[in-house]
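Shown next, in structure tokens, is the structure this report addresses.
The values are calculated or read from the model by the stated rules, or taken from the named source; none is laboratory data. Just so we're clear, the structure is a prediction, and the values are computed from it rather than from any experiment. Cβ sites come from the backbone with ideal geometry, for glycine too, and all protein chains shown count toward neighbours.
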């Protein structure tokens with residue numbers, strides 16, 4: 001009789017230890033984590049042509065004067081920052097005359113803002129995606145996928161849009177342009193402002 | 001007989017519930033589970049998280065996972081059975097750590113990831129992570145400009161199972177790969193470790209003696225690369241790029257021995273994780289799943305600010 005209890009107790013211990021030492025995960029969960037059949041190119045196309053090109057942008061002149069009078073509210077209202085940091089991205093538009101072109105860097109004498117640079121060579125990173133404010137971090141499962149949106153968006157602008165647009169402009173031309181700028185809360189606005197372009201047009 | 005059985009049952013119930021329930025007046029306990037305490041950067045992250053938790057009035061203890069998901073799993077078992085109320089986690093592996101986080105979630109314990117991401121968006125309560133990708137895009141641009149778009153280079157990766165490794169490498173290559181005259185002659189893991197990176201670069205240089213630059217996935221490895229290059233008499237010829245913003249690399253940038261690094265903010269990540277745990281205890285439940293923390297490029301042009 002006592003032996004029977006000992007066996008039952010032993011069996012219970014083995015079952016408890018066995019249950020706690022093995023963990024099962026649904027295959028669908030594992031597959032979902034690695035599945036990447038999302039069409040980033042098509043998604044970026046729609047963000048660029050239906051979103052960024054049609055969105056209302058603040059003029060660089062308005063932005064800099066607002067930054068001087070009320071930086072906190074301006075950051076809040078016009079800036080886009082995902083997470084924690086000292087800087088934010090802004091989507092702006094402006095006009096000016098091309099006074100220099102060196103290695104893809106266009107120097108613009110902006111009517112209201114002095115000298116502004118447009119970088120047509122280094123269109124990389126998250127500037128355009130984040131400045132647009134059109135893509136949410138929560139729309140994607142991992143940061144890697146979220147960053148692929150930027151890469152596709154940058155590819156469209158760097159390879160398709162900007163080469164066509166800059167082929168139509170030359171030194172001395174007046175242009176209108178839009179794009180992303182990064183400003184830091186501690187930044188001196190008289191320092192160099194570089195625009196990552198989303199569009200350049202001959203005026 | 002019946003009375004004895006009842007008494008035995010009552011004692012068992014008291015024993016079981018007495019062990020697992022917590023005195024209501026007791027302070028909530030926060031566990032800080034860190035991937036390794038063998039790297040000063042992670043020591044700083046863990047100690048800062050624990051200090052912030054204590055500052056907010058909680059009891060905090062650090063658990064070292066020794067870069068091993070199995071040790072991390074044991075840590076989770078221990079702290080779940082010891083009645084911890086929240087976990088501030090620096091995971092060992094972006095996939096391997098998911099089951100540990102889910103175990104805590106099942107036990108009703110919130111987990112706040114710091115610095116390293118896990119590949120699931122429904123396991124941790126929130127993940128506070130350096131924006132490694134953007135930081136390395138900036139380093140990539142600096143790299144291309146410094147090398148004038150031409151040259152042979154080596155990439156020393158971090159731990160291959162860590163998302164940060166690939167986010168950094170991905171950000172860097174999203175720029176550098178667009179310049180066809182920049183040729184990567186070798187890419188190898190240095191496990192985020194200074195000595196390992198030194199050995200790796202020494203071996204690579206035997207087959208590829210003419211390199212122009214080395215991009216390292218963290219600053220410890222950048223220091224290892226510097227040592228290897230110094231021993232080979234090439235410290236001033238080969239340009240070194242790191243990532244972290246470690247004190248010794250900042251000094252080397254000041255001395256023009258290392259070109260650039262990405263400054264991370266571990267103290268902000270630790271402080272935010274502890275603050276989120278505090279808010280969780282006070283009833284908040286709507287946490288963003290991922291919170292990127294800005295990384296700043298540090299180079300000769302702005303070194304005076306650091």
Being closer than 25 Å to residue B:297 by Cβ, within 14 Å of chain B (Cβ to nearest Cβ) and in contact with a strand residue (DSSP E or B) (Cβ under 9 Å, 6 or more places away or on another chain), is that true of even one residue in the range A:52-74? no
Given the residues A:128, A:115, A:156, A:101, which is the only one that is outside any loop (DSSP other than H, G, I, E, B), more than 13 Å from chain B (Cβ to nearest Cβ) and either surrounded by 18 or more Cβ atoms within 10 Å (Cβ to Cβ) or touching a helix residue (DSSP H, G or I) at 6+ places or on another chain (Cβ under 7 Å) (or both)? A:156
Would you confirm whether or not the range A:27-37 contains a residue that is at pLDDT below 95 and more than 14 Å from chain B (Cβ to nearest Cβ)? yes
Quick one: in the range B:144-168, of everything that is in contact with a strand residue (DSSP E or B) (Cβ under 6 Å, 6 or more places away or on another chain) and crowded, with 22+ Cβ neighbours inside 10 Å, which residue is nearest to residue A:143 (Cα to Cα)? B:157
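This table checks each residue for (1) in a strand (DSSP E or B); (2) closer than 22 Å to residue B:147 by Cβ; (3) at pLDDT 95 or above.
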site: B:253; (1), (2), (3): no, yes, yes
site: B:261; (1), (2), (3): yes, yes, yes
site: B:270; (1), (2), (3): no, no, yes
site: B:274; (1), (2), (3): no, no, yes
site: B:280; (1), (2), (3): no, no, yes
site: B:283; (1), (2), (3): no, no, yes
site: B:297; (1), (2), (3): yes, yes, yes
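How about the range B:35-54: which of its residues are in a helix (DSSP H, G or I) and more than 16 Å from residue B:280 (Cα to Cα)? Please lay out each step first, then the result.
So in the range B:35-54, the residues in a helix (DSSP H, G or I) come out as B:40-54.
Correct list: B:40, B:41, B:42, B:43, B:44, B:45, B:46, B:47, B:48, B:50, B:51.
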Looking at B:249, B:238, B:259, B:295, which one is crowded, with 19+ Cβ neighbours inside 10 Å and within 14 Å of chain A (Cβ to nearest Cβ)? B:295
